[in-house]
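Below: one structure, written as structure tokens.
The values are calculated or read from the model by the stated rules, or taken from the named source; none is laboratory data. What you see is a predicted model; the values in this text were computed from it and never measured. Cβ placement follows ideal geometry from the backbone for every residue including glycine, while neighbour counts extend to all protein chains displayed. Ligands, DNA and RNA are excluded from the accessible area calculation, which covers all protein heavy atoms including side chains. Shrake-Rupley method; radii C 1.70, N 1.55, O 1.52, S 1.80 Å.
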Amino acid sequence: MQHRKLFLAAAGAALAIALTACSGTDAPAGTPAGTASAPQESAVVETQTPAPEAESHTLQATLNSVDTGLDFLVAVDENGNYCRFNLGGVDADGLEPGDSIQITYTGTLSDGEGEPTATITALEKTS
């Protein structure tokens, strides 16, 4: 009988703790029970800043190679540096390796290896 009373007391305490923990009040931490304030509505204003126009650059170079299937072009600048570009839908038909070209692009120049980080916006054969 003694064990039964002890078990019922422990079960009652566990039930009281469970009900207190799940009481469902939205009181902020540290607010005494029964003093929870009414829920406040908050206005969330989302603003969307338009993306800035990408800065355009121009490069005089010599065409090294074009792969229209993979959509990239490799050119050599006047210092002998290889630069790889995304064609970006620009027409490169009629250009041959060794042609002097003027490339207008956005993004940053990368070396001739890896993924291109600049995209051509205009391409012109200069001589």
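One residue stands out in segment 73-85 among those that are surrounded by fewer than 19 Cβ atoms within 10 Å (Cβ to Cβ) and touching a residue at least 12 places away in the same chain (Cβ under 8 Å): the one that is farthest from the chain's Cα centre (by Cα), namely 78. Residue count for segment 87-103 under the criterion of being open to solvent by 30 Å² or more (accessible area, probe 1.4 Å) and either over 12 Å from residue 66 (Cα atoms) or in contact with an Asp or Glu (Cβ under 8 Å, 6 or more places away or on another chain) (or both): the result is 4.
Residues of segment 104-127 that are loosely packed, with under 12 Cβ neighbours inside 10 Å and among the polar types (S, T, N, Q): 108, 126, 127. Taking segment 109-127 as the range and being polar (S, T, N, Q) and over 20 Å from residue 70 (Cβ atoms) as the test, the residues that pass are 126, 127. Of all residues in segment 91-109, those satisfying the criterion of being not β-branched (Val, Ile, Thr) and not in a strand (DSSP E or B) are 91, 92, 93, 94, 95, 96, 97, 98, 99, 109.
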